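The values are calculated or read from the model by the stated rules, or taken from the named source; none is laboratory data. Note that the structure is a prediction, hence the values are computed from the model and not measured. A quick note on method: Cβ atoms are made from the backbone with ideal geometry, for glycine too, and the neighbour counts reach across all protein chains shown.
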Amino acid sequence: MLGADLPAAAWSGVGEEPVVVSLLDPGSPVVEFGSIAELVTVTNTCFARAVYALDDSGLLDLVDAAGYDTIYEEITGRPV
């Protein structure tokens, strides 16, 4: 998810916890995470399991796409 797309918090009502949507396809936001906490948990787990690394220019790089998919499904319960 955290590649070329733009994640954004989206609220459905006052006082409700926001979900995190992907804005990869303009006009068609897709719920990627059930909460900001879920996004953070996936991200932290990816760092802990070396799924992310810094590239030569110091930018975040996904180095294990299959590992990301596994972590995403474990934490969110959603298929990739």
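For the reader, a short list of remarks on this structure follows.
- Listed by position, the strands (runs of 3 or more DSSP E) contained in the chain that have at least 3 residues being modelled with pLDDT under 90 are 7-10.
- Any chance Glu38 is surrounded by 10 or more Cβ atoms within 10 Å (Cβ to Cβ), of a type in the set (D, E, K, R) and within 17 Å of Pro7 (Cα to Cα): yes
- Every pair of residues 6+ apart whose Cβ atoms lie under 6 Å, when the first sits in region 53-66 and is closer than 17 Å to Val42 by Cα while the second is surrounded by fewer than 10 Cβ atoms within 10 Å (Cβ to Cβ) and among the small types (Gly, Ala, Ser): none
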